[in-house]
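Novice: Please read through the structure below; I'll follow up with questions.
Read the figures in this text as sums done on the coordinates, not as results from a lab. Only a predicted model underlies this, so the values are computations on that prediction, with no experimental measurement involved. Every residue, glycine among them, receives a Cβ derived from its backbone with ideal geometry; neighbour counts consider all protein chains shown.
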Amino acid sequence: MKYIKKIYPFLLPYKKYAFLNIFFNVFYALFSTLSFISLVPMLKVMFEETETTYEKPAYQGLLKIGDFLEAYSNYYITYLNESQGPVYTLTVLVIMIISLFLLKNLCGYLGLYYIAYLRNGILKDLRNKLYHKIVELPLSYFSEKKKGDVISRMTSDIQEVQSSFLSVLELVVKEPLTIIFTIGGMLVFSPKLTLFVFIFIPISGYIISIIGKNLKRKSTRVQNEQGHILSNLEETLTGLKIIKAFNSEKIFGNKFENSTSRHFRFANSLMHRQNLASPVSELLGIIVIAVILWYGGKMVLIDGTLTGASFIGFMGLAYQILTPAKAISKASYSVKKGNAAAERVLDILETDNNIKDQPNAIIKTDFDNQINFKDISFKYEDQYVVNNLSFEVQKGQTVALVGQSGSGKSTMANLAIRFYDVNEGEILIDGENIKNIKKSSLRNLMGLVTQDSILFNDTVRNNVALGKIDATDEEIIDALKVANAWEFVKDLPKGIGTNVGDGGGKLSGGQKQRISIARAVLKNPPIMILDEATSALDTESEKLVQEALENMMKNRTSIVIAHRLSTIQNADKIIVMRKGEIVEEGKHQELLNKKGIYKNLVEMQTIQ
């Protein structure tokens, strides 16, 4: 229950529904017992076992409640028989029984009616909380996690947690109360026979508890494997072109089938253990019933200490215990499964975000002077990818970072926008360490265009408007024109209202990139970061995108990470990096004249 308890705060907004559920479950349990007890007077009338009583009995305390109820029942039935006749008496008793069963089922329905708000409310709030946490966590967290596993925790694990909450309420309220009231009714009929039954209950509980052992561990294995299945599916959908192009369907099919086979084995093991609960608890219940038949039958036939009608009523109550006992058994297994699911959900919710705002973080709305990268060192895991690196970017300058793959260029962009935090050194904007600036404020100062044009399954309008949520259509069209995107957007079936498909799949690479640029243009930030924004484009698209980038970079401070060196020849400063260090620095022609690493890079791309 350790992890389930940590989910309880999500119950608080819906506690009124929990109390209403408990309220109606109390009456459900009460009417459930009374509906069986009410059968006894009717049976006595039918079997003519009613003792004729003309004097109204007096209540003599709780210890003699059974004698009082039986005497009062005899008195009332005698009165009805004498005044209205046995058929009328039987009719009244039947109506009373129907009424009690009706009230029992009405209370049962109302209990479920209110619990629906609690269950679905917890599901909603837990999903919202988990989604916001996922968005809040740094990128480094997801480099270690599979997307499919995160999706599995968001869907099936939270659903399991939600189901277990209902099981907990059944476990602690509805079914135990039904058992308690039922036992109370059995004591009214025969304390001696009830105590005899209680000898067997601890034995049954112990046997059921043995079955439930290790259920949490088995459930965790099933849920983990379900996460692997979703991860495989997500990777397949993302890389479907490569899978088909390399005829790798069989390889990935085998990988997926291996995962589903493991899930099959784990799920079978879990379900076999879980399914064992119901037949075992029912068998134990039937054994108890058989013992009652033997011992109770002896009390009726030999001792004469129990009437036939009372014994039938007692048997009805004893059998009624079986249903809630089985429900408690199932609920306890569900709680164990929910506990395993809660552990996986809380693993994300309780993950500490190491990139967060300082308590006294400032809001910075303007960029006035310079960005200063001062003695920067950074490592993703154990190996440093940037070593003691320093340079400045003055306001209005375009500074380009070039170098071979793995030299640390994109890392600098990630550090500047604070997707990651430096291990050593500091990044200053106008002399203020970016760790002392609110993340939202820092990112409002920056626009980002990446190599991968990330578009969402939405309209052109909404994809561009991420840069400015309240933008008008005119502002969006102006941004598209600056990005050289309006020329094709205006010809789309619904213009800016056209859906671009999943990941922008309905557009070409150059078109997607220009919409990404339009998004950055609309945001209109003072600092622009371009992370290899043209490296994945063909020559014609590159030319259009390069024009769009030049339009966007006018009167802005820009940090350009470049693979194609033709795009940065006019930069105010070019920084050449190798293995996380600066090896050359200067303008295009200056670096060519040095005849060093930069000249070699240019010659490799046949650019003079």
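Novice: Suppose the chain between Ser99 and Phe252 were pulled fully straight at 0.36 nm per residue; how much longer would it get relative to their current alpha carbon spacing? Please list the in-between numbers first.
Specialist: Values: separation 153, 0.36 × 153 = 55.08 nm, distance 6.20 nm.
My answer for the length gained is 48.9 nm.
Novice: Give me Leu276, Leu306, Leu126 ranked fewest to most by other Cβ atoms within 10 Å of their Cβ, as a rough exposure proxy. The partial results should precede the final answer.
Specialist: Values: Leu276 15, Leu306 19, Leu126 22.
Listing Leu276, Leu306, Leu126 from fewest to most nearby Cβ atoms yields Leu276, Leu306, Leu126.
Novice: Once fully extended, how much extra length lies between Gln84 and Asn444, figured as 0.36 nm per residue of separation less the alpha-carbon to alpha-carbon distance?
Specialist: Using 0.36 nm per residue and subtracting the Cα-Cα distance, I get 120.9 nm.
Novice: Could you pull out which residues in region 379-419 have an amide N less than 15 Å from a spot 7 Å beyond the Cα of Gln370, following the Cα-Cβ vector?
Specialist: Under 15 Å, as judged by backbone N against the label point of Gln370, lie 390-399 of region 379-419.
Novice: Quick one: if you stick a label point 7 Å off each Cα along the C-beta vector at Asn524 and Ile355, how many nm between them?
Specialist: According to this spin-label approximation, the distance is 2.7 nm.
Novice: May I pose another question? I'd like to know which of Phe456, Leu401, Leu346 lies farthest towards the positive end of the charge dipole of region 332-461, counting +1 on Cβ of Lys and Arg and -1 on Cβ of Asp and Glu.
Specialist: Positive-end residue among those listed: Phe456.
Novice: Taking 0.36 nm per residue of separation and subtracting the Cα-Cα distance, what length does fully extending Ser390 through Leu283 add? Write down the numbers at each step before the final one.
Specialist: On the way: separation 107, 0.36 × 107 = 38.52 nm, distance 7.65 nm.
My answer for the length gained is 30.9 nm.
Novice: Taking neighbour counts of Cβ atoms within 10 Å as a proxy for exposure, in what order, fewest first, do Ile229, Ile575, Ile454 appear?
Specialist: Going from least to most buried by this count: Ile454, Ile229, Ile575.
Novice: In addition: Would you mind getting me the FRET efficiency between Asn268 and Val583? Use the beta-carbon distance for r and R0 = 41 Å, nearest 0.05. Don't jump to the answer; show the numbers that get you there.
Specialist: Values: r = 60 Å, r/R0 = 1.46.
Efficiency, from the Cβ-Cβ distance: 0.10.
Novice: Once both labels are modelled 7 Å past Cα along the beta-carbon direction, what's the Leu112-Asn433 spacing in nm?
Specialist: The modelled label-to-label distance comes out at 6.0 nm.
Novice: Aspartates and glutamates within cross-link reach of Lys481: Cα-Cα under 15 Å, excluding same-chain residues under 8 positions apart?
Specialist: In chain and number order, the partners are Asp473, Asp491, Glu547, Glu550.
Novice: Can you give me the C-alpha center-to-center distance between region 370-435 and region 172-187, rounded to a whole angstrom?
Specialist: If you average the Cα positions of each part, the centres end up 68 Å apart.
Novice: How do Trp486, Trp294 rank when sorted from fewest to most other Cβ atoms within 10 Å of their own Cβ? Write down the numbers at each step before the final one.
Specialist: Values: Trp486 19, Trp294 9.
Listed from fewest to most nearby Cβ atoms, that is Trp294, Trp486.
Novice: With each pseudo-label sitting 7 Å past Cα toward Cβ, what's the Ser140-Asp452 distance in nm, one decimal?
Specialist: Going from the Ser140 label point to the Asp452 one covers 2.0 nm.
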